[in-house]
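See below for the structure under consideration.
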Amino acid sequence: MALTLEDVKRVAHLARVAIDEAEARAVLSQINDVFKLIAEMQAVDTRGVEPMSHALDVVQRLREDAVTESDQHALFQSVAPQVEGDLYLVPKVIE
Amino acid sequence: MHNATIRSLATGLAARTFSSVELTRHFISRINGLNKKYNCFITLDPEASLKQAEAADRMRSAGKGRPLTGIPIAQKDIFCARGWLTTCGSKMLSSFTSPYDAHVVERLNAAGAVTLGKTNMDEFAMGSSSETSHYGPVRNPWDVDTVPGGSSGGSAAAVAARLAPGAIGTDTGGSIRQPAALSGICGLKPTYGVVSRYGMIAFASSLDQGGPLARSAEDLALLLNVMAGFDPRDSTSLDREHEDYTRELGKPVKGLKIGLPREFFAEGAAPGVVKAVEEAVAEFRKLGCETVEVSLPNMKLSVPVYYVLAPAEASSNLARYDGVRYGYRAPEYADLLDLYKKTRAQGFGAEVKRRILIGTYVLSHGYYDAYYIQAQRVRRLIARDFAEVFKRCDVIMGPTSPTTAFRIGEKVDDPVQMYLNDIYTIPANLAGLPGLSIPCGLDGKGLPVGLQIIGNYFAEARMLGIAHQYQQATDWHTRAPKDID
């Protein structure tokens with residue numbers, strides 16, 4: 001099944017990537033080539049096969065409910081685009 | 001000095017024949033002379049490297065030297081290293097100085113290894129040619145008009161050009177083994193979970209695995225001895241007893257059963273590649289190995305499965321790049337949504353955006369079962385094929401890549417052609433199995449061919465021993481590109 005130009009624009013919005021008409025057109029044909037490749041896998045009969053989400057069948061470890069991190073906000077915020085008063089700055093979101 | 005293996009450099013350091021400072025200076029001066037030609041390194045910091053070298057010399061003087069103490073190692077720019085610019089080959093992280101060390105970097109530092117620099121790579125490790133980097137393409141030292149493979153192409157080319165004795169990389173669908181093959185060096189992707197992913201910038205978390213690149217199997221073992229280890233900060237890190245990966249280097253291969261999957265020698269593999277691999281297999285027979293034809297019937301589905309799972313996981317992992325907490329932020333925007341969209345449109349390159357769009361689509365409402373869950377089911381069929389094959393043989397051998405190095409620009413605008421480069425490497429990632437690539441010949445153009453050895457889970461020591469025995473009997477791994485003295 002081929003994607004449409006509208007699909008590309010919708011998915012770009014969901015992924016929060018700005019895309020203009022020309023870019024959307026260019027990417028559409030490339031993505032549809034990839035989906036042609038993916039279609040080979042869709043025809044396979046997988047009834048009764050358990051999905052494999054990880055390489056090894058291991059269970060999640062539990063850890064002690066203990067403090068392991070120290071306060072390093074100054075170091076971490078030193079690489080942020082915009083900070084003021086220990087806070088990350090973004091455009092106003094509430095009127 | 002630059003043609004020596006890590007093993008022999010370690011011997012020289014231990015005997016005080018030269019110091020780590022001298023060794024590090026030597027490699028820095030080679031990089032200064034040749035990096036323009038190959039574009040292997042994104043960031044160098046000679047002052048920081050030499051400081052580590054001085055500390056390593058003191059460690060050795062105090063009798064605390066370990067095999068890697070004082071050895072300069074190049075790091076793929078996907079590993080966070082405190083105080084180092086860590087870009088992942090992307091404009092998105094072009095101003096990101098890491099505030100912390102990856103687990104692998106911590107372990108290398110503790111062993112006294114010297115960080116020689118951060119190597120160029122495909123943006124966010126998405127590629128098989130090292131052309132999608134924000135910092136320009138890496139060039140293959142065997143022929144500068146060809147690619148070194150990818151995504152760990154800077155690491156592979158640096159080792160091939162004798163700009164570093166060893167390097168570290170990551171492998172999600174072949175990103176250590178394929179560049180090792182195309183650049184004529186050795187590379188190992190360990191069993192999933194052996195090397196911690198903490199501080200390794202995430203691409204597809206169920207597939208990503210760090211590993212070493214070097215010029216001999218023995219050197220890979222020395223590097224893996226330091227890189228591997230349990231780390232509670234990676235929820236998929238395996239808590240296993242520490243192994244010495246050099247322990248089987250001396251073990252003869254007589255009686256070893258080698259499986260040759262017929263799908264690895266089918267159409268699609270270049271004749272020069274098949275010939276070199278068959279000659280390598282013949283060498284193993286001479287060493288007393290048996291061969292048996294086996295089949296991985298679902299192998300051809302690996303690429304389609306991978307291009308659902310990897311983009312899906314990538315679209316989720318790369319959601320963190322929002323222009324707020326770190327990394328690039330678009331200079332102009334109207335509101336918060338516009339900030340996100342413009343930051344991501346400007347900060348990511350074309351291939352990364354394509355994969356984010358594919359991943360977002362296959363995970364979106366109404367398509368999740370048909371794509372993502374179906375891909376996970378086929379993934380299990382592929383893993384089962386390997387389990388069946390390993391009942392009949394000890395290791396699998398075949399080509400690492402269907403072709404030798406291709407020309408820069410040849411495949412970069414045709415994603416599907418680029419993706420098919422990884423047809424022989426992706427299956428091991430999907431199953432979580434260890435895979436390694438070693439040089440086994442040259443094709444008609446004089447470009448290196450890689451032999452891939454895939455083992456069962458946790459068979460790294462055995463595989464390295466097998467590769468080492470081959471390297472005792474042959475000299476392909478010592479061949480250097482003709483421009484390298």
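Taking a 21 Å limit on the Cα-Cα distance, which of the listed pairs B:Lys286/B:Lys391; B:Lys36/B:Lys411; B:Lys91/B:Lys342; B:Lys37/B:Lys118 fall beyond it?
B:Lys286/B:Lys391; B:Lys36/B:Lys411
Summing +1 for each Lys or Arg and -1 for each Asp or Glu, what net charge is found among the other residues whose Cβ lies under 14 Å from the Cβ of B:Lys286?
-2
Count neighbours as other Cβ atoms within 10 Å of each site's Cβ, and list the trypsin sites (Lys or Arg not before Pro) in the range B:332-440 that are DSSP loop with at most 12 such neighbours.
Sites meeting the loop and neighbour criteria: B:Lys391, B:Arg392.
Note down, for the protein assembly as shown, the three equivalent ellipsoid semi-axes (square root of 5 times each alpha carbon gyration tensor eigenvalue), biggest first, whole angstrom.
35, 31, 22
Quick check on the exposure proxy: order B:Cys393, B:Cys80 from fewest to most C-beta atoms within 10 angstrom.
B:Cys393, B:Cys80
Tell me which of B:Leu182, B:Met200, B:Val305 sits at the most positive position along the dipole axis of the protein assembly as shown, charges placed on C-beta atoms (Lys, Arg +1; Asp, Glu -1).
B:Leu182
Could you give the nm distance between label points at A:Asp86 and B:Lys275, where each point is 7 Å from its Cα heading toward the beta carbon?
Once both label points are built, they end up 7.0 nm from each other.
Just to confirm my numbers, what's the Cα centroid distance between the range B:425-456 and the range B:58-115 in Å?
Centre-to-centre (Cα) distance: 27 Å.
For a footprinting-style exposure proxy, rank B:Lys257, B:Lys91, B:Lys118 by other Cβ within 10 Å, fewest first.
B:Lys257, B:Lys91, B:Lys118
Antiparallel versus total DSSP beta bridges in chain B: what percent is that, nearest 5?
65
Based on the Kirkwood radius over alpha-carbon pairs, what value in µm²/s does the Stokes-Einstein equation return for the translational diffusion coefficient of chain B at 4 °C and 1.567 mPa s?
59
Could you give the length gained on full extension between B:Ser295 and B:Ser61, defined as 0.36 nm per residue of separation minus the Cα-Cα distance, in nm?
Gain in length upon complete extension: 78.8 nm.
Would the range B:352-450 count as rounded, prolate or oblate if I go by the C-alpha gyration tensor, calling it rounded below 1.5 in a/c and otherwise prolate when a/b exceeds b/c, oblate otherwise?
Verdict is oblate for the range B:352-450.
Between B:Met1 and B:Ser235, what is the FRET efficiency for a Förster distance of 30 Å, r being their Cβ-Cβ separation, to the nearest 0.05?
Efficiency for this residue pair is about 0.15.
Which GluC sites (Glu not before Pro) in the range B:154-250 sit in a loop by DSSP (not H, G, I, E or B) and have at most 13 other Cβ atoms within 10 Å of their own Cβ?
Answer in residue order: B:Glu241.
Where does each of B:Thr404, A:Thr4, A:Thr46 land when they are ranked from fewest to most other beta-carbon atoms within 10 angstrom?
Least to most surrounded, the residues fall as A:Thr4, A:Thr46, B:Thr404.
Amide H neighbours of B:Thr291 under 5 Å, counting only residues 5+ apart in sequence or on other chains, H built in-plane at 1.01 Å?
Under 5 Å from the amide H of B:Thr291 lie the amide H atoms of B:Ile258, each far enough along the sequence or on another chain.
Over the range B:232-387, with a single point scatterer placed on each C-alpha, what log10 of the ratio I(q)/I(0) does the Debye formula yield at q = 0.11, 0.13 1/Å?
One equal scatterer on each Cα of the range B:232-387 leads to -0.77, -0.93.
What whole-number volume per residue, in cubic angstrom, does the convex hull of the C-alpha atoms of chain A give?
Measuring per residue, one finds 279 Å³ for the Cα hull of chain A.
Could you calculate the FRET efficiency of B:Ala266 with A:Leu56 from 1/(1 + (r/R0)^6), where r is the beta carbon distance between them and R0 is 22 Å, rounded to 0.05?
E between B:Ala266 and A:Leu56, to the nearest 0.05, is 0.15.
Over the range B:288-360, consider all pairs of different Cα atoms and compute the Kirkwood hydrodynamic radius from their mean reciprocal separation; express it in Å, one decimal.
So the Kirkwood estimate lands at 14.9 Å.
For the range B:27-74, divide the Cα radius of gyration by the Kirkwood radius and give the resulting Rg/Rh value with two decimals.
Computed over Cα atoms, the ratio is 1.07.
Which whole-angstrom value gives the distance between the alpha carbon centres of the range A:31-48 and the range B:225-242?
First find each Cα centre; the distance between them is then 35 Å.
Taking R0 as 35 Å, what's the FRET efficiency between B:Phe458 and B:Glu47 from their Cβ-Cβ distance, rounded to 0.05?
The pair B:Phe458/B:Glu47 has a calculated efficiency of 0.30.
Bear in mind these aren't lab numbers, they're just calculated from the coordinates by the rules spelled out. The structure displayed is predicted, hence computed values, not measured ones. Methodologically, a virtual Cβ is constructed for each residue, glycine included, from the backbone with ideal geometry; neighbour enumeration extends over all protein chains shown.
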